[in-house]
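The values are calculated or read from the model by the stated rules, or taken from the named source; none is laboratory data. None of the values given here were measured: they were computed from a predicted structure. Neighbour counts are summed over all protein chains in view; Cβ atoms, including those assigned to glycine, are modelled from backbone coordinates with ideal geometry.
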Amino acid sequence: MAVTPATGKPSSRDQKRAQFARYKEDVKERGKPFYPYAMFHDTVMSLVVVSVIVGLAVIWKWTAWAPHHSGLHQGILGPEYTEPADPGTTNFVPRPDWYFYFLFYLLRIFKWPESVFLGTVGVPTIALVLLLAVPFYDLRRERRLLHRPVAVVGAVLVVLSMATLTWKGATASEALASEVIADVPHWVKAEKLPPKAVPGAKLFAVAGCTACHTYLGVGSSNLGAPDLTSIGTRNLGIDFQVRHLKCPSCVNPGSPMPKFASLGDKRLNELAQFLEASKGKQ
């Protein structure tokens with residue numbers, strides 16, 4: 001056994017080996033090792049939980065489906081679905097479940113299209129990696145919290161940040177569309193929109209169009225949705241814009257864009273006027 005000259009005590013490597021040897025002896029005398037026993041029990045329990053979830057999903061689906069596949073038939077665990085979603089609504093603001101409020105608020109902080117990935121993937125991933133890496137950069141064997149400053153500070157910061165973001169997300173204003181509406185005067189000025197295009201600009205803001213499209217840097221690009229800042233330069237025409245809004249896949253086969261026919265002809269025409277007047281910054 002190696003001895004440290006200055007202290008006359010065993011080296012740290014020998015201490016670790018001796019401690020591990022004592023651990024193995026304790027396992028033999030008093031219990032079973034984590035692998036494979038505890039890991040096997042965790043695996044079995046996980047399979048049980050997943051099986052229960054799958055079973056409940058099957059019961060819900062098939063009791064709600066049979067015998068009347070009306071969509072509103074009440075099954076043992078509830079209806080298959082309720083009223084179909086209306087993509088043309090202007091008074092409903094979707095909100096996530098409470099455990100996603102922290103991401104919901106991160107999106108309000110990183111609201112620019114270029115930073116959406118950083119807010120939704122980058123920051124949470126970095127925080128998770130730092131938390132999972134605690135056992136690798138804090139190698140102390142001391143179990144008392146006061147003697148584990150790195151682990152304690154890391155855990156406290158994670159809990160506080162998650163709690164703060166969750167609270168801010170829960171208390172955030174419901175009128176999220178108002179943030180986009182606030183940009184409408186800027187749109188009008190930058191694009192030199194005529195008065196007849198202003199109602200369509202406001203409708204574009206409240207109808208959730210910026211959830212998939214970008215306009216003068218506002219919104220986010222999803223499913224390949226194009227930027228509409230200068231869509232008017234293509235001179236597609238009011239009739240084309242209205243037909244496309246009513247049934248995108250009819251005009252552009254394969255388009256994932258939902259139908260907005262429920263907005264009605266008047267509002268569809270307003271949107272079309274706005275899109276055709278959008279020629280880019282003037």
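Observations on the model:
- Across the stretch 249-263, the qualifying residues are those that are of a type outside the set (A, V, I, L, M) and touching a residue at least 12 places away in the same chain (Cβ under 8 Å), and the one among them that is farthest from residue 210 (Cα to Cα) is 262.
- The condition (being assigned by TED's automatic domain parsing to the domain that holds residue 265, β-branched (Val, Ile, Thr) and under 20 Å from residue 260 (Cβ atoms)) is satisfied by just one residue among 233, 210: 210.
- For the stretch 128-149, a residue qualifies if it is over 17 Å from residue 12 (Cβ atoms) and more than 34 Å from the chain's Cα centre (by Cα), and the qualifying residues are 143, 144, 146.
- Test result for residue 216, surrounded by 15 or more Cβ atoms within 10 Å (Cβ to Cβ) and on the phi < 0 side of the Ramachandran plot: no
- The number of residues in the stretch 111-151 that are touching a strand residue (DSSP E or B) at 6+ places or on another chain (Cβ under 9 Å) and assigned to a helix (DSSP H, G or I) comes to 1.
- When residues of the stretch 216-226 are limited to those that are over 22 Å from residue 262 (Cβ atoms) and touching a helix residue (DSSP H, G or I) at 6+ places or on another chain (Cβ under 9 Å), the one modelled with the highest pLDDT: 216
Matching residues to (1) out of contact with any helix residue (DSSP H, G or I) (no Cβ under 6 Å at 6 or more places or on another chain); (2) crowded, with 20+ Cβ neighbours inside 10 Å:
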site: 205; (1), (2): no, yes
site: 209; (1), (2): yes, yes
site: 228; (1), (2): yes, no
site: 232; (1), (2): no, yes
site: 245; (1), (2): no, yes
site: 254; (1), (2): yes, no
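- Applying a threshold of 7 Å to beta carbon distances and a minimum spacing of six or more residues, or different chains, the list of pairs starting in the stretch 10-38 at a residue that is surrounded by 11 or more Cβ atoms within 10 Å (Cβ to Cβ) and ending at one that is among the polar types (S, T, N, Q) reads 11/4.
- Filtered by the rule that a residue be part of a loop (DSSP other than H, G, I, E, B) and more than 23 Å from the chain's Cα centre (by Cα), the stretch 188-226 gives 192, 193, 194, 216.
- If you go through the stretch 205-231 and keep only what is of a type in the set (Gly, Ala, Ser) and out of contact with any Gly (no Cβ under 8 Å at 6 or more places or on another chain), you end up with 205, 208, 217, 219, 220, 221, 224, 225.
- Candidate set from the stretch 62-84 (those that are out of contact with any Leu (no Cβ under 9 Å at 6 or more places or on another chain) and part of a helix (DSSP H, G or I)); member that is modelled with the highest pLDDT: 62
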